[in-house]
Amino acid sequence: MFPADTRQHAPRRADGLHRFSRSGVENVTKKLFIKTYGCQMNVYDSERMADVLAPLGYGLTDNADGADMVILNTCHIREKAAEKVYSDLGRIRPLQENRAEDGGRMIVAVAGCVAQAEGEEILSRAPYVDMVFGPQTYHRLPEMVSKAMRAAGEKVLDTDFPVEDKFDHLPEERGDSDAVTAFLTIQEGCDKFCTFCVVPYTRGAEFSRPAAAILEEARRLTRAGVREITLLGQNVNAYHGEGADGVEWGLGRLCRALADIEGLERIRYTTSHPRDVDDDLIAAHRDVEQLMPYLHLPVQSGSDRILAAMNRKHTADHYRRIVEKLRDARPDLALSSDFIIGFPGESDKDFAETIRLVTDIGYAGAFSFKYSERPGTPAAAADEQVDDAVKSERLTALQQLLESQQAAFNASLIGTAVPVLMEKPGRQPDQLVGRSPYLQPVHIAVPESRHEALTGQIVSCRIDRLAGHSLFGEMVETGAAPYDISSKERISA
Ligand code: 5AD
Ligand code: SF4
């Protein structure tokens, strides 16, 4: 999961703002506002919720004021993310009252992982909430809505775990399928039980969708113009779905099958666990051209003592070896990671090991967080909690290092030609914005008359300058030396 609240790369559609009128949806009579917190899985779920509600006449709006339904699709991964939900609910309440004064009705719903974890408590802390439902039940939204509409005051609480049901009942047509890039959930839940993490409790046990259903969804998206698919799962490389041939497939096999789909130019996956990087997946990075050379492979800590206490089930050297194998298979591979700072018992020496690992590996991007005690997880009960001032100090030092590595990586692209998937108009009139293989936003000078023709195309672009984490450049029609990261020094600050 890439948590949206702290991400360094701009999220795609993770801000909860969706279009009101979507292609393929007729008779839009009611306004639906969805705010998405947290990871890309929640972004996917929010989009699917909109698809489930579209036949009931709900179309997306980007303003909660005046909406007929407001859904907060929440995240429970850290304390801050969970608390934000209650402050947002406080802001929504007067909008709901205004609506009632005007003779209308605004249904307020809390979905996602906070809903799953806190259920009943939400209804008692915020009694004006009409519906609370977890990540595995939103295919039942039509029944929930009709129950909530029957009588104001009748509350809906649905936090079961029927994960197979959900995918079997979601509509085939996707409202976002006119986009250039799309998320596709292939796996959900987690059986790893890292001692800091709520996911196994909020998302449930690991479940992999059958390959045939995934391939069909990918084909539909590609036919509608999607060129890049990001496969999602809490533990995406633990994927072990029933294959199209009846035998169990791993993620490598699935990527190979996806690569055969005509028009699918780019494949990504997130988020992965070092323990589940198998030889076939490494081979897929070598063989499958469409598999982008940018991998999010969270390590959390560089200290073996802390990794053991976290129940990560691998050592720092195991991680180093996997990265080495991946880089041998795909020399232009760049990496990003998640780090937790101040896990219970983390000493200066443990933290120094994390700094050493980061220096050795060299990351092109990263997300780093102070450890946050999550109720019900084993680490929350540990005695040796780290002082907040110490966490802050260590986090600042780590982020400086990661930031300098990211800046060095971005700067290494100046003067090279990178393939950019053109996605949408930029802020300036004569500008298109796309993404490099490394997910960097690339702003390219293109006359407006060519925008339509180039959107969805992969164009070679010479990078001239950087601003923040964005790259700027011009299209190169022919003849430029292709970008080749393998010819560069490995980045490390
Ligand atoms: N405290 C801080 N960070 C956490 N993460 C998960 N649980 C916690 C926690 N209790 C981070 C991990 C994970 C990412 C999605 O969020 O780094 O990889
Ligand atoms: Fe959480 Fe660990 Fe599972 Fe990732 S692998 S979702 S961090 S329990």
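The values are calculated or read from the model by the stated rules, or taken from the named source; none is laboratory data. The shown structure was predicted, so the numbers you read here are calculated from the model rather than taken from an experiment. A quick note on method: Cβ atoms are made from the backbone with ideal geometry, for glycine too, and the neighbour counts reach across all protein chains shown. When the accessible area is computed, the model is the full protein with side chains, heavy atoms only, and any ligands, DNA or RNA have been set aside. Shrake-Rupley method; radii C 1.70, N 1.55, O 1.52, S 1.80 Å.
Just tell me which lysines come within less than 24 Å, Cα to Cα, of K325; anything on the same chain fewer than 8 places away is out.
Cα-Cα hits under 24 Å: K192, K313, K488.
Within the stretch 414-476, list the trypsin sites (Lys or Arg not before Pro) lying in a DSSP loop whose Cβ has at most 11 other Cβ atoms in a 10 Å radius.
Qualifying residues, ordered by number: R427.
As a test, work out the antiparallel percent of DSSP beta bridges whose residues both lie in the chain, rounded to the nearest 5.
Bridges in the chain that DSSP calls antiparallel: roughly 35 percent.
Over the stretch 30-158, give the accessible area per residue in Å² for a 1.4 Å probe, as an integer.
Accessible surface, normalised per residue, equals 35 Å².
Can you compute the FRET efficiency between V247 and E172 using 1/(1 + (r/R0)^6), with r the Cβ-Cβ distance and R0 = 22 Å? Round to the nearest 0.05.
Efficiency computed from Cβ-Cβ geometry: 0.30.
For E384 and A453, calculate 0.36 nm times their separation in residues minus their Cα-Cα distance, and state this gained length in nm to one decimal.
My answer for the length gained is 19.0 nm.
Using a 1.4 Å probe over the heavy atoms of the protein chains, calculate the carbon and sulfur portion of the accessible area of the chain as a whole percent.
Using a 1.4 Å probe with all protein chains present, the chain comes out at 48 percent carbon and sulfur.
Dividing the Cα radius of gyration by the Kirkwood radius, what Rg/Rh value follows for the stretch 30-158?
0.92
Non-local amide H neighbours of T195 (under 5 Å, H modeled in plane, Pro and chain starts lacking H): which ones?
Residues meeting the criterion, in which the H sits 1.01 Å from N, are N311.
Skipping prolines and chain starts, which residues have an amide H placed within reach, meaning under 5 Å, of the one on D158, given they are 5 or more residues away or on another chain?
Hits under the 5 Å cutoff: V132, F133, G134.
For the chain, rounded, prolate or oblate, judged on the Cα gyration tensor with a ≥ b ≥ c (square roots of eigenvalues), a/c < 1.5 rounded, else prolate if a/b > b/c?
It comes out oblate by the Cα gyration axes.
At K325 and H240, where each label point lies 7 Å from the Cα along Cα→Cβ, what is the point-to-point distance in nanometres?
Calculated label separation equals 1.7 nm.
Could you size up the charge dipole of the stretch 320-464 around its Cα centre, putting +1 on the beta carbon of Lys and Arg and -1 on that of Asp and Glu, and report it in debye to the nearest 20?
The calculation lands at about 580 debye.
So what's the net charge close to D68: Lys and Arg +1, Asp and Glu -1, counting the other residues with Cβ under 9 Å from its Cβ?
Net local charge, D68 excluded: +4.
With a cut-off of 11 Å, note down the residues of the stretch 31-75 whose backbone N falls inside the zone around a label point 7 Å from the Cα of R105 toward its beta carbon.
none
In Å², what does the accessible area per residue of the stretch 340-404 work out to with a 1.4 Å probe?
Each residue of the stretch 340-404 exposes 44 Å² on average to a 1.4 Å probe.
Put a dot 7 Å past each Cα toward the Cβ at S392 and D464; how far apart are the dots in nm?
Placing both labels 7 Å along Cα→Cβ, they lie 4.2 nm apart.
Stretch R275-K80 to full length: gain in nm at 0.36 nm per residue minus the Cα-Cα span?
Extra length from R275 to K80 when fully extended: 67.3 nm.
In debye, nearest 20, what is the charge dipole magnitude of the stretch 113-218 about its Cα centre with +1 on Lys and Arg Cβ and -1 on Asp and Glu Cβ, if you could check?
Around 340 debye, computed over the stretch 113-218.
Given the pairs K30/K84; K35/K155; K35/K84; K80/K370, which are separated by over 19 angstrom at their Cα positions?
K30/K84; K35/K155
Contour minus end-to-end for A259 and D304, with contour as 0.36 nm per residue of separation and end-to-end as the Cα-Cα distance?
The A259-D304 span can extend by a further 12.5 nm.
Taking 7 Å along the Cα-to-C-beta vector as the label spot, tell me the N27-T359 distance in nanometres, rounded to one decimal.
It is 6.6 nm.
Using θ = phi - 60° and the Karplus relation 6.51 cos²θ - 1.76 cosθ + 1.60, list the HN-Hα couplings for the stretch 100-108 in order, rounded to whole Hz, with x at every Gly or Pro.
Working through the residues one at a time gives 5, 4, 7, x, x, 9, 10, 7, 10 Hz.
So which GluC sites (Glu not before Pro) in the stretch 350-387 are both in a DSSP loop and have at most 11 other Cβ atoms within 10 Å of their Cβ?
Passing both the DSSP loop test and the Cβ count: E384.
Which of the GluC sites (Glu not before Pro) found in the stretch 25-105 are loop residues per DSSP with 12 or fewer other Cβ atoms within 10 Å of their Cβ?
E26
Hey, what D do you get for the stretch 299-393 in µm²/s if you plug the Kirkwood alpha-carbon radius into Stokes-Einstein at 4 °C and 1.567 mPa s?
Value of D from the Cα-based Kirkwood radius: 92 µm²/s.
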